[in-house]
Amino acid sequence: MVTTSYPRFPGDSVGTFMEPIAEGVAARGHVVHVVAPWHPLVTRGRSEDGVHFHFYKYAPHPSLNVFGYAAAMKADVSVRGQAFIAAPLALAQGWRTARKIARRHNATIMHGHWVIPGGVTAAAAAGGRPLVISLHGSDVYLAERLMPARVAARAAFRKAAYVTACSADLARRAIALGADPERMAVIPYGVDAERFQPDEAARNRLRAELGIPAGAALVAAAGRLVRKKGFEYLIDAIPGVRAPIVFAIAGEGSLREELRARAASRGIAERMRFLGDRSQDEVAALFAAADVIVAPSVRDESGNVDGLPNVVMEALASGTALITTIAGGIGAVVQHEATALIVPERDAAAIARELDRALSDAALRQRLGSAARKLAQSRFGWDQTAAAFEDAYNRALARTGRP
């Protein structure tokens, strides 16, 4: 597997879906080698849970360690200047490392994550091996916006024996870029329903830590503080909510200070809790403590949108009532009034109305949360995701005539 993001340490909030994908494939009896750029925060050993790691160094100066791990893009809408300098170095070293590891271990499949750049790197390093490319969101956006990325993506798609996307929206956009619809499958992300689950002890502890006043509700959100997450519209909704609430958001990003200023200008600074970057376990505790989770995702002004936000899957598994939009692939995994309350994108008034509705109706919250958790457990286990990737590998092998 060639990737530019992988949790750098247990519980890291970056590239969270990569770990269960790799471990899930390994658990099905396969040998998995992950090739990824080195980062100062990497603490992984050489091998964990059946996954072998190969982190390559590429930057001659610390300031150029901006390749991968959500560091290359600013607010997820533009590429940082340092990334343009670092990219040729990282791509060259990634190609050399992936080719070396594939040859050393006689790899059967080359699997590139994010067509830009993981798929391109994997395509160059694959040799005669079947190539599978998996799309996750920002990669397709970059290919749509930047001509060099578009040319590279088309070349990688031509070489791919199979392509997977985490949502139908991404699949359609990839086909428009040149991917073959006959060699394409939509594989939604899974969720760890043991980590994300109702937890009364965590609920009581975290609400005390956050200083939630008696009688106040806790509204939670999580994600990188970038445009496509839509957090500004959630902040705009808070003043219109009649119920007493505290809004806690876990995540870091380019918009942190802008969102703080927005909360202050709306007169709700004292009701906000900006928690910063939190581990997966800490996000799970936050979701268990919340009365409502809001994932106000949008297709931002530049056209970027999440493929399928991890936070939506995690909210479903948590058994906490969810308010969300249908941006990207969300609409394929939630149903209005059944497993979530769906609002239009960028509609702060609608968010406020649904928050008031949910917070005033405990039975509604219980019904939505219970149905959502059952859905997550029955349809979106990571073992099912791993089985789907195994099927993609078999289809790629069949197309290339390899055993």
Next item on the list: Might you report the magnitude of the Cβ-based charge dipole of the chain about its Cα centre, with Lys and Arg at +1 and Asp and Glu at -1, to the nearest 20 debye?
Entry: 1320 debye
Note to self: 7 Å from Cα along Cα→Cβ at both residue 378 and residue 204: what's the point-to-point distance in nm?
What the structure shows: 3.2 nm
Note to self: Straight-line reach from residue 57: which lysines fall under 30 Å, measuring Cα to Cα and dropping same-chain residues less than 8 apart?
What the structure shows: 74, 100, 159
Check: Is the shape of region 200-379 rounded, prolate or oblate, going by the alpha carbon gyration tensor and its root eigenvalues a ≥ b ≥ c, with a/c under 1.5 for rounded and a/b larger than b/c for prolate?
Finding: rounded
Notebook entry, point to check: Hey, if you put +1 on the Cβ of every Lys and Arg and -1 on every Asp and Glu Cβ in the chain, which of 160, 279, 62 ends up farthest toward the positive end of that dipole?
Noted result: 160
Checklist line | Farthest positive-ward along region 310-403 dipole, Cα basis, beta-carbon charges - from 336, 370, 381 | finding: 381
Next item on the list: Work through the residues other than residue 366 whose Cβ is under 12 Å from its Cβ and net out their charges, Lys, Arg +1 and Asp, Glu -1.
Entry: +1
Check: With +1 on each Lys and Arg Cβ and -1 on each Asp and Glu Cβ, how big is the dipole of region 200-379 about its Cα centre, in debye rounded to the nearest 20?
Finding: 240 debye
Next item on the list: Tell me what the chain gives for mean residue ellipticity at 222 nm when only DSSP H runs of n ≥ 4 count, each as -39,500 (n - 2.57), the sum divided by the residue total, rounded to 500 deg cm²/dmol.
Entry: -12500 deg cm²/dmol
Check: Assuming R0 = 30 Å, what is the FRET efficiency of residue 43 and residue 100, from their Cβ-Cβ distance, to the nearest 0.05?
Finding: 0.80
Check: For the pair residue 85 and residue 336, what calculated FRET efficiency results from E = 1/(1 + (r/R0)^6), where r is the Cβ-Cβ distance and R0 = 45 Å, to the nearest 0.05?
Finding: 0.45
Notebook entry, point to check: Given the chain, what percent of its DSSP beta bridges are antiparallel, to the nearest 5?
Noted result: 10 percent
Margin query: What are the membrane-span-like helices in the chain by this rule: whole DSSP H runs, Cα extent along the axis at least 18 Å, mean Kyte-Doolittle hydropathy at least -1.0?
Written below: 81-104, 147-159, 362-379, 382-400
Notebook entry, point to check: Net charge near residue 115, counting Lys/Arg +1 and Asp/Glu -1 over other residues with Cβ under 14 Å of its Cβ?
Noted result: +4
Check: For P(r) over Cα pairs in 20 Å bins from 0, in percent, which listed value, (1) 28, 57, 15, 0; (2) 29, 60, 11; (3) 23, 41, 27, 10, 0, comes from the coordinates shown?
Finding: (1)
Check: Given R₀ = 22 Å, FRET efficiency for residue 258-residue 301 by Cβ-Cβ distance, to 0.05?
Finding: 0.95
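Throughout, read-outs are computed from the coordinates displayed, never taken from laboratory work. As the structure is a prediction and not an experimental result, all values here were calculated from the model. Every residue, glycine among them, receives a Cβ derived from its backbone with ideal geometry; neighbour counts consider all protein chains shown.
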